Amino acid sequence: MTTPKNMTMRDAFIGKLCERMATDDKIFFLAADLGAPALDRIRSEFPDRFINVGIAEQNLINVSAGLALEGFAVYTYAIAPFITMRAYEQVRVNLAVSSQIRPVNVTMLGLGGGVSYQVSGPTHHCLEDLAIMRLLPNMSVYCPADWVTAEALVDHTRAAIGPKYIRFDGKALPSLYANSESVDLQKGFTSLAAGTDICLVSTGFMTHRALNAARERKDVAVIDLFSLKPCDEVALAETLAPYRHVITMEEAFINNGGLDSLLTKVVREHELPCSQHPIGFNDKYVFELGSRDQLHAINDMDEPAVIRLIDKLRKG
């Protein structure tokens, strides 16, 4: 059995994008003062289509909107909480609002989603992005669980006109998919494990937690939901229909508009008979210092917490 390859989403995505830039002169890349070998390659090979705007995320969005209105497919790259929250008004007006009037093909790449910058504290944690970006009309929102999905999003975002946000994890993670073709980006989710009564619906890093928990408790289904907007909600409802309990897992604030809110909408509108149980961060910031595992354990988000909930639901 081949061991899954560990790789960062950033390196996979930007590496593939650099290949596409060689044959597509409409792709433009903007960065907000972040360094990486993958970025150095773009800067070196395509200096006329790469701009480092400095630590100025609001201007990053302003410049990207102008380039998009001139016909470029623009990719912007910055730390996740800053590209979303520091520049939120610019994203709303220049991307979400403008795209309803004219084509605006801008893909925002946010590095370090969730608590992947674990020791940097709440200023660098990004727990609000999924909810606030889903809130914007015309905005697509993606949260890949591995680098294969991130790589598959290159061609998808180039072809899909409109503003988009992709949350990248900050750490190298093992692949969950064999290749890009096995990622159904049109549907927005993939069933990774079959089950009977209980289904774990997870996004991003939490899909790795879900799979680990499912290995400990047999007959637990796992769905990796990587497109939070748009998502084929009819197909999702059909997939969830057999289960009595659905547990949502996200590295974000729960009960506030993220993955669990998407599932609530699907369950309500399709009158599914399942109960819902969200796992994520409650309504407070995380000031504790420690590894990601420790932060998850403190907030009842690690595998033992998921397994306890599974056992409780089965006994009930």
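Within region 149-163, does at least one residue satisfy the condition of being crowded, with 20+ Cβ neighbours inside 10 Å, among the hydroxyl-bearing types (S, T, Y) and more than 26 Å from I101 (Cα to Cα)? For region 149-163, residues crowded, with 20+ Cβ neighbours inside 10 Å, among the hydroxyl-bearing types (S, T, Y) and more than 26 Å from I101 (Cα to Cα): present. In this structure, does A78 turn out to be assigned by TED's automatic domain parsing to the domain that holds M139, under 30 Å from L211 (Cα atoms), of a type in the set (G, A, S) and within 21 Å of the chain's Cα centre (by Cα)? Yes: the conditions hold for A78. Could you look through region 1-56, keep only residues that are surrounded by 13 or more Cβ atoms within 10 Å (Cβ to Cβ) and of a type in the set (G, A, S), and pick out the one that is farthest from S180 (Cα to Cα)? Among residues in region 1-56 that are surrounded by 13 or more Cβ atoms within 10 Å (Cβ to Cβ) and of a type in the set (G, A, S), the one farthest from S180 (Cα to Cα) is A56. Can you tell me which residues in region 31-59 are out of contact with any Phe, Trp or Tyr (no Cβ under 7 Å at 6 or more places or on another chain), not in a loop (DSSP other than H, G, I, E, B) and not charged (D, E, K, R)? Answer for region 31-59, where residues must be out of contact with any Phe, Trp or Tyr (no Cβ under 7 Å at 6 or more places or on another chain), not in a loop (DSSP other than H, G, I, E, B) and not charged (D, E, K, R): P37, A38, L39, S44, P47, I51, N52, Q58, N59. When G188, G195 are screened for being farther than 22 Å from R292 by Cβ, touching a Cys at 6+ places or on another chain (Cβ under 9 Å) and either surrounded by fewer than 14 Cβ atoms within 10 Å (Cβ to Cβ) or of a type in the set (G, A, S) (or both), only G188 passes.
Would you be able to say whether some residue in region 108-126 is out of contact with any strand residue (DSSP E or B) (no Cβ under 7 Å at 6 or more places or on another chain), assigned to a helix (DSSP H, G or I), among the polar types (S, T, N, Q) and crowded, with 17+ Cβ neighbours inside 10 Å? Yes: one or more hits. The set of residues from region 216-234 being touching a Gly at 6+ places or on another chain (Cβ under 8 Å) and either among the aliphatic types (A, V, I, L, M) or on the phi > 0 side of the Ramachandran plot (or both) comprises D219, V220, A221, V222, L225, L228. Exactly one residue among I247, I254 is free of Cβ contacts under 8 Å to residues at least 60 places away in the same chain and either touching a Pro at 6+ places or on another chain (Cβ under 8 Å) or closer than 30 Å to Y285 by Cβ (or both), and that residue is I254. The requirement of being touching a helix residue (DSSP H, G or I) at 6+ places or on another chain (Cβ under 9 Å) and either without any contact (Cβ under 8 Å) to a residue 40 or more places away in the chain or not assigned by TED's automatic domain parsing to the domain that holds K26 (or both) is fulfilled somewhere in region 96-111, by at least one residue.
The values are calculated or read from the model by the stated rules, or taken from the named source; none is laboratory data. Treat the numbers as computed from the prediction; the structure is a model and nothing was measured. As a convention, Cβ positions derive from the backbone with ideal geometry for all residues, glycine included, and neighbour counts pool all protein chains shown.
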